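What follows is one structure encoded as structure tokens, with my remarks underneath.
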Amino acid sequence: MTVVDEVLRPVADVIDVPTDLFVGGTWRPAGAGRRLDVADPATGSVLATVADADTDDAAAAVDAAAAAAVDWAATSPRSRSDLLMRAFHLMQERSEELALLISLENGKSLADARGEVSYAAEFFRWYAEEGVRLRGQVGHAPSGANRLMVSYQPVGVSVLVTPWNFPAAMATRKIAPALAAGCTAVLKPAAETPLTALAVAALLEEVGLPAGVLNVVTTSRPGPVVETMLTDRRTRMVSFTGSTEVGRVLLRTAAGQVLKCAMELGGNAPFVVLADADVDAALDGAMVAKMRNGGQACTAANRFYVHDSVHDAFVEGLIARMAAIRVGPGTDEATQCGPLINDHAVRKVDLLVRDAVRRGARAMIGARVPDGPGSFYPPTVLVDVPLDARVLHEEVFGPVAPVVRFAREEDLLPVVNDTELGLVSYLYTRDLARGLRLAERLESGMVGLNRGLVSDPAAPFGGTKQSGLGREGSTEGLLEFMEAQYVATSW
């Protein structure tokens, strides 16, 4: 039986994924017995139900993490590394099942889902390797009176809050460094895509993760559940990926306990094509930067600024490529763009497109919500987009490419940087020196220079301005879960 055939069967028959809370090494129902429906965005039908946690369940998860904290922090870096490496290999072995699960509950194409599983697994391997390499330092005080010894200690119980758009990768990008650092954690995945997070937890349990080191609570009431965990005096860290609006709320809550915070928030990525750019290469990059996960990514190219001399050629190529995209259920092998996560997402995208057209933009393709079931929106290209259109100032999170023509490079930067967000920018030019100089003036934490993809476990992922605090991936991602301890000694 093929993967496509299997999607007609219940999720529990396709992949053996638990649907209860994972607390203290035990799979258990929510204390109040409530359940949460998980929907297929391609059809609107219910795929499965999972435990729907309340504040008592959240407190129990922190209890479990706190109880396991001392022993896990004392576990050798090599032992933690070996466990993460086993998780990497097992995730690779289960990659097809996990990809299908992601496609079912998230809606993304199987090709995108397979890419996500591979990317997600790499965080286990990267931090298995990085966790044994972290070194402190010893030096002399300038006065010569004593030595300075600096080492790194795990920050403690960490709350990990992940979004629905990359349910495997956003989980492992937080779990792996937390565990490698010696922290215990509670993961709260998005209500739209809890099954993948539960599958990742089951995988870690299978490779021998001690009870209580990772706990998972799924809930339809994220506000009070997360607040309960952040206001517990034993919690010391919160790592959140999601919207800037929610990030602000969590920061206010975290301030009460002076928690260490890592925030990967919204984006409004510009995609700049200069006059000397290779147009075909820019189009290749645009399709990756715009259409990965149907545009539902914080790193998605949100607004396109194309020089007048190459504008028409770029737009012609973009229309042709977007028109050729096959839209359908993510679990169909032929699908290149699946549905959006839900009908609310469709309404938001449609509202932004309608606003742009009302202000004078022209829709060259797409721009109409299709009839029929599922949360679909077609690949859309807008041209002549005025600078006051909302689509240029708000995160679209959909397959919409608004294009702005520009004539003078000196007028570009003020427009590109005119946003409170600064996660990633994309820039295409044949002149590398020019590109590097301009990249330094782009107000974003990451720049794709002649590349449409910036994500890499070995790179520090994060933004400037209101796109977040801290970094994920690389060594920086490990240090987010650690505190530097300084010891003054005379020996």
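A few comments on the model shown:
- Modelled spin labels at residue 354 and residue 342, positioned 7 Å past Cα toward Cβ, are 2.0 nm from each other.
- Burial ranking of peptide ranges 278-285, 68-75 (average Cβ count within 10 Å, highest at the top): 278-285, 68-75
- Amide H partners (placed H, <5 Å) of residue 165, local residues excluded: none
- Heavy-atom surface of region 379-470, accessible at 1.4 Å and reported per residue (Å²): 42 Å²
- For region 296-301, 3J(HN,Hα) per residue [Karplus equation, 6.51 cos²θ - 1.76 cosθ + 1.60, θ = phi - 60°, Hz, x = Gly/Pro]: 8, 8, 5, 8, 4, 4
- Atom-type composition of the exposed protein surface of the chain places 52 percent of the accessible area on carbon and sulfur (1.4 angstrom probe).
- Counting only GluC sites (Glu not before Pro) that DSSP places in a loop and that have at most 13 other Cβ atoms within 10 Å, the longest clean stretch of the chain runs over 1-332.
- Considering only beta bridges that DSSP places wholly inside the chain, some 45 percent are antiparallel.
- Full-stretch length increase - residue 150, residue 245 - with 0.36 nm per residue and alpha-carbon distance subtracted: 30.5 nm
- Above-threshold pairs, the threshold being 24 Å between Cα atoms, out of 174/260; 108/465; 188/260; 174/348; 290/465: 108/465; 174/348
- Nearest-0.05 FRET efficiency for residue 67 and residue 309, computed from C-beta distance (R0 60 Å): 0.40
- Relative contact order %, region 49-128, counting alpha carbon pairs below 8 Å whose residues are six or more apart: 35 percent
- Taking label positions 7 Å along the Cα-Cβ direction at both residue 464 and residue 93, the computed distance is 4.6 nm, reported to one decimal.
- Sorting 290-296, 447-453 by average packing, meaning the other beta carbons within 10 Å per residue, from highest down gives 290-296, 447-453.
- By average C-beta atoms within 10 angstrom, highest first, the peptides 218-226, 248-256: 218-226, 248-256
- Dipole magnitude of region 113-221, debye to nearest 20 (Cβ charges: Lys/Arg +1, Asp/Glu -1, about Cα centre): 320 debye
- Distant-in-sequence amide H partners of residue 39 (H built 1.01 Å from N, under 5 Å): 47
- On a per residue basis, region 71-184 carries 36 Å² of accessible surface, using protein heavy atoms and a 1.4 Å probe.
The values are calculated or read from the model by the stated rules, or taken from the named source; none is laboratory data. Treat the numbers as computed from the prediction; the structure is a model and nothing was measured. Please note: Cβ atoms are built from the backbone with ideal geometry, for glycine as well, and neighbour counts cover all protein chains shown. Only protein heavy atoms, including side chains, enter the accessible area calculation; ligands, DNA and RNA are left aside. Shrake-Rupley method; radii C 1.70, N 1.55, O 1.52, S 1.80 Å.
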